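Worksheet: the structure to be examined is printed underneath.
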Amino acid sequence: MDGLPRSYLLARPWAPGEARLPVLVDLHGCCVTPEYEQKRSGFADVTGPAILVYPTGVGQSWNAGSCCGPARAAGVDDVAFLTAVVDKVLDTQTDADSGRVFLVGYSNGGKMALRMACAAPRHFAAVASYAAVGSMPCPDPAPVSLLEIAATGDPELTIGPGGPPRTVDGYTQPTVDGQVEQYRRANRCPATPTIRAQGSLTTSTWSGCGTGRCVRLAVYQGGSHDWPAGDDLTPSAAQVTWDFFSTVGNAAAGCRH
């Protein structure tokens, strides 16, 4: 693809069983390997039996728009690559559940996940992004269940609704609140969310949406740009993400609080 060799790391239960398994595609942040992301994100500790997929970005980066690194500079078609990865996994893993394919990304990978939500939403039952907002225009997004996770101490984001917009390579990014609002409207969700607090984490969930999907915002108080590991009171970003994906279930289902 693009004349470049592309690959992905796949982890799964040793032998296929009778049960269909969810598929989680995890996009690494900039400047790290899929193996590093696999260890950092820790999804194997929270998903139970599942097929975990860790694609490899060109130059350890993704062409997500105005950011970041070699993939953007080379104009790599990562949308085509990631859709091909999903198709390949569904074709080769006979127990993969095509109705439960989920996409998550961290930082540069989170930006790429949001680009996929805009460009290829039908490939995923739900999409999640941590420490990232979109870095290219998506003026009319298709409905998709979306989880946006951020930390108030992240120097690379503006949560909103106030605060100065951040510009990266000439593109003015939405605030985190603005990103969530875009998908709340796309999914025709009610204006008022259900709010829940767990330690330093506050989640806001918009369910009962006209499209049958849902939107959730999860904000850690304090923190930084680093992936949240959680503690006795506060769930990790991996747990928050998998809880959301588990409640969504499939592309036609709503989500529970």
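The values are calculated or read from the model by the stated rules, or taken from the named source; none is laboratory data. Only a predicted model underlies this, so the values are computations on that prediction, with no experimental measurement involved. Here Cβ is always computed from backbone atoms with ideal geometry, including for glycine, and neighbour counts include all displayed protein chains. All accessible areas refer to the heavy atoms of the entire protein, side chains included, with ligands and DNA or RNA removed. Shrake-Rupley method; radii C 1.70, N 1.55, O 1.52, S 1.80 Å.
Determine the dipole magnitude for the range 1-135: charges of +1 sit on the beta-carbon of Lys and Arg, -1 on that of Asp and Glu, nothing else is charged, the reference point is the Cα centre, and the result goes in debye to the nearest 20. Don't skip to the end; give the middle numbers.
Details: 11 positive and 12 negative charges, 56 e Å.
Computed about the Cα centre, the dipole is about 280 debye.
Rank ALA151, SER200, MET116 by how far each Cα sits towards the positive end of the charge dipole of the chain (+1 on Lys, Arg Cβ; -1 on Asp, Glu Cβ) and give me just the farthest. Projecting each Cα onto the dipole axis, the largest value belongs to MET116.
Let me spell out the model: positive unit charges on the Cβ of Lys and Arg, negative unit charges on the Cβ of Asp and Glu, origin at the Cα centre of the chain. What dipole size does that give, in debye rounded to 20?
Working: 19 positive and 23 negative charges, 113 e Å.
The dipole of the chain has a size of about 540 debye.
Of the residues GLN38, VAL133, ALA11, the one whose Cα sits farthest towards the positive end of the charge dipole of the chain is VAL133 (charges of +1 on Lys and Arg Cβ, -1 on Asp and Glu Cβ, taken about the Cα centre).
Distance from the alpha carbon centroid of the range 44-119 to that of the range 124-163 works out to 16 angstrom.
At a 1.4 Å probe, what is the % contribution of carbon and sulfur to the accessible area of the chain? Whole-percent figure for carbon plus sulfur exposure: 53.
Overall, the anisotropy analysis places the chain in the rounded class: the square-rooted eigenvalues a ≥ b ≥ c of its C-alpha gyration tensor yield a/c less than 1.5.
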